[in-house]
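Here the structure is laid out as structure tokens; the discussion comes afterwards.
FYI, it's all coordinate maths here, none of it is from the lab. Fair warning: this is a prediction, and the values are worked out from it, not measured in the lab. No Cβ is skipped: glycine too gets one built from the backbone with ideal geometry, and neighbour counts run over all protein chains shown.
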Amino acid sequence: MTDPDPRLARLTGVAPSILASDFGRLRSQVEEVVAAGATTIHIDVMDGHFVPPITMGPLVVDALKGVDAVLDVHLMIERPERQLADFAKAGADCLTVHAEATPQLHYALGQARELGTLAGLAVCPGTGLDALEETTELVDLALCMTVNPGWGGQKFIPSSFDKIGRIAERLTPGAVLQVDGGVDLATIGRCAAAGATSFVAGSAVFGQADPGEAVRALQAAADAGVGAVGG
Ligand code: DX5
Ligand code: ZN
């Protein structure tokens, strides 16, 4: 057996989403949360088609090169397989594509790995787990959307707790189970207890007066959630 990719371990824990950051001082905001212990930075790419807003592209990934964290790129774009190479070249460590965004899902996940990144598969709240079942061996990270994608600051969808558990049962050992949307101090512990290992948080980090302290508090609440299950 080959050793697991070292980026997988760094993908676990609180993953601040820069969507909620102050772009005028992006680099220093990111460095602040990394200094507080975040080992992943989550980058939300939206194309105005898969979801209505347009956000950022490879240039922003490139701007974060050299930060001491895994660059986790969440592609909320149609036909992501056409853009993977540009994001890999810009410095992405993990490329996550949506099951709903391409008829070529198996190909897209394989391409992400071919390009030297980890491969992530995201599912929207209304999407079942068929695609995950067909591609499990290609999935390094499964992203369970816990809001409908497109905007920060939405309310966590409670039926997600059950879905997280069902995804956990299907993943290969060592794969990361990420939750994204409405993750805050009130929801993170239950996500961890249900089996999530990566916790994307935008408003709950960069929307707070002290983003570094917010990362530490969220991580402690996630750890307590896992502890609660362990007894
Ligand atoms: C939403 C994005 C999220 C967003 C989460 O479509 O995928 O990553 O930044 O924002 P919060 O944590 O504010 O719900
Ligand atoms: Zn996201």
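Suppose R0 equals 25 Å. What FRET efficiency, 1/(1 + (r/R0)^6) with r the Cβ-Cβ distance, do Arg25 and Ile54 give to the nearest 0.05? Write down the numbers at each step before the final one.
Working: r = 22 Å, r/R0 = 0.86.
For R0 = 25 Å, the calculated efficiency reads 0.70.
Taking the Cβ of Ser21 as the center, what net charge do the other residues with Cβ under 14 Å away carry, scoring Lys and Arg +1 and Asp and Glu -1?
Numbers: positive: Arg25, Arg27; negative: Asp22, Glu31, Glu32, Asp44, Asp210.
Residues near Ser21 contribute -3 overall.
Putting +1 on Lys and Arg Cβ atoms and -1 on Asp and Glu Cβ atoms, find which of Val30, Ala217, Leu171 reaches farthest to the positive end of the dipole of the chain.
Checking the options against the dipole of the chain, the answer is Ala217.
How many angstrom lie between the C-alpha centres of the stretch 3-24 and the stretch 26-86?
Result: 9 Å between the Cα centres.
What spacing in nm lies between the two simple spin-label points modelled at Ala209 and Leu185, each 7 Å away from Cα in the Cβ direction?
It is 1.2 nm.
Take the chain, mark every one of the trypsin sites (Lys or Arg not before Pro) that falls in a DSSP loop and has at most 15 other Cβ within 10 Å, then report the longest stretch left between them, sites excluded.
Numbers: sites that count: Lys65, Lys155.
The segment 66-154 is the longest one with no such site.
Viscosity 1.567 mPa s, temperature 4 °C: Stokes-Einstein D of the chain from its Kirkwood Cα radius, in µm² per second?
On the way: Rh = 17.2 Å.
Rounded to a whole number, D works out at 75 µm²/s.
How large is Rg/Rh for the stretch 141-229, to two decimals, with Cα atoms and a Kirkwood Rh? Don't jump to the answer; show the numbers that get you there.
Numbers: Rg = 12.3 Å, Rh = 13.0 Å.
Expressed as Rg/Rh, it is 0.95.
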